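Trainee: Below are the structure tokens for one structure; questions will follow.
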Amino acid sequence: MRKSIEYLIEDGPDKGKIFIITRMSAFEADEWAADVIQALTKAGTKLHPSREQFGIAGLENLSIGIFANLEKEDRKKAYQDLLNCCQIKRDPKNPLVQPTKILEVDIEDPKTLYRLRTKAFELHMDFIKAAACQVFHLAAAMFQTEGSNEERK
């Protein structure tokens, strides 16, 4: 069963609305994360750990703010994929009413969109880390191979 969280909006025009945020399947999340890392790389974002923070520790402080560096189309896709993880509980007091897809009329406050994306991003952070590590290891292996070839010359 995929991990889900219930998220209550506590202030603003959407106060009291309850959303269910469900993690993508492992395969979907892996592909989504790889696409995000590729888009960040294409945009020139530096995700590699600093010299002081080797390994995965350098990725611990990543936040949804990394999307600001993406091209518009890549950002829209990443944001939409995160919102696709979210559903709204239309009648929270009635357990027989299942959460449903969010419609444009369901959200009045732009902060709610940001909050939902942030929570969905947090559910998928380990996939971002894994995708970034795969890129780091691949790049390191390529540079190591290039260095070995140059040493032989």
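Trainee: List the residues whose amide H sits under 5 Å from the amide H of Ile102, counting only those 5 or more places along or on another chain, with H placed 1.01 Å from N in the peptide plane.
Mentor: Here the answer is Ile88, since their amide H atoms fall under 5 Å of that of Ile102.
Trainee: Please list, ordered by chain and number, the residues whose modelled amide H lies under 5 Å from the amide H of Lys17; skip anything fewer than 5 residues away on the same chain.
Mentor: Amide H to amide H, under 5 Å and 5 or more residues apart or across chains, Lys17 pairs with Ile9.
Trainee: By how many nm would the segment from Asp109 to Gln80 lengthen if fully extended, with 0.36 nm per residue of separation less the alpha-carbon distance?
Mentor: Contour length minus the Cα-Cα distance gives 8.8 nm.
Trainee: Kindly state, to the nearest 0.05, the FRET efficiency for Lys93 paired with Lys3, given R0 = 22 Å and r defined as their beta-carbon distance.
Mentor: Details: r = 24 Å, r/R0 = 1.11.
The formula returns an efficiency of 0.35 here.
Trainee: How about segment 77-126: which trypsin sites (Lys or Arg not before Pro) there are in a DSSP loop, with at most 16 other Cβ atoms within 10 Å of their Cβ? Don't skip to the answer; put the middle values down first.
Mentor: Details: sites: Lys77, Lys89, Arg90, Lys93, Lys101, Lys111, Arg115, Arg117, Lys119; in loops: Arg90, Lys93.
Listed in order of number, the matching sites are Arg90, Lys93.
Trainee: Also, quick follow-up: In the structure shown, do any of Lys15/Lys129; Lys72/Lys129; Lys72/Lys119; Lys3/Lys76; Lys17/Lys42; Lys76/Lys101 have a Cα-Cα gap over 30 Å, and if so which?
Mentor: Working: Lys15/Lys129 33 Å; Lys72/Lys129 23 Å; Lys72/Lys119 21 Å; Lys3/Lys76 24 Å; Lys17/Lys42 37 Å; Lys76/Lys101 18 Å.
Correct reply: Lys15/Lys129; Lys17/Lys42.
Trainee: Using θ = phi - 60° and the Karplus curve 6.51 cos²θ - 1.76 cosθ + 1.60, what whole-Hz ³J(HN,Hα) does each residue of segment 10-15 get, with Gly and Pro shown as x?
Mentor: Once rounded to whole Hz, the list reads 9, 8, x, x, 9, 3.
Trainee: Sticking with this one: Each residue of segment 67-83 in order: what ³J(HN,Hα) in whole Hz does its phi give by Karplus 6.51 cos²θ - 1.76 cosθ + 1.60, θ = phi - 60°, with x for Gly and Pro?
Mentor: My calculation for segment 67-83 gives 5, 4, 7, 7, 5, 3, 5, 5, 5, 4, 5, 4, 5, 5, 4, 5, 5 Hz in order.
Read the figures in this text as sums done on the coordinates, not as results from a lab. Given the structure is predicted, the values throughout are model-derived calculations rather than measurements. Counting neighbours? That spans all protein chains shown, and the Cβs are built from the backbone with ideal geometry, glycine included.
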